[in-house]
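Novice: For reference, the structure I am asking about is given below.
The values are calculated or read from the model by the stated rules, or taken from the named source; none is laboratory data. These numbers were taken from a predicted model, which means no experiment stands behind them. Positions of Cβ are generated from backbone atoms using ideal geometry, with glycine treated the same way; all protein chains shown enter the neighbour counts. Side chains included, ligands, DNA and RNA excluded: accessible areas come from the protein's heavy atoms. Shrake-Rupley method; radii C 1.70, N 1.55, O 1.52, S 1.80 Å.
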Amino acid sequence: TILPSASELMGLPRGGRHDNLLEAGRSAVLLQSLAGIFRNDPPVNCGAKPELVGLSCSFGAAYAREVFSPAAVASVLQYAKDFWDPLPRGNVQRLRIPPGSRLIICGDTHGQLEDVLWVFFKYG
């Protein structure tokens, strides 16, 4: 996936109600707010209804206005790409899981920010 250029980013729709939660330094507030933002969304059973994966049932077409605008999401992705190692060797890490802890492994989210945020909300 190619992220938008700076000029393309400026042309994306803005003004999502919760865009400010995607700004740098706001992750704790974002995580605290997720339950309230998505409180009316039923859990998606992607095994039974794969067409619903990544969709917000209660927001529908209003998602960009009521939750996160395309510009806010693209800005987060632009910021995050500086932390990703583009080489495969940076994508495999050896981890030690302390006794009494757990490791949550999440598969490819296909660029669905809502799914990623749900994983963080549900599992921490």
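Novice: In region 100-123, how many are in contact (Cβ under 8 Å) with a residue 12 or more places away in the chain and either open to solvent by 90 Å² or more (accessible area, probe 1.4 Å) or over 24 Å from S69 (Cβ atoms) (or both)?
Specialist: 6
Novice: Looking at region 7-22 only, could you name the residues that are over 12 Å from S69 (Cβ atoms) and modelled with pLDDT of 90 or more?
Specialist: Listed by number, the list is empty, since nothing qualifies.
Novice: Please pick out the residue among S33, S75, S56 that is closer than 16 Å to H18 by Cα and modelled with pLDDT under 70.
Specialist: S56
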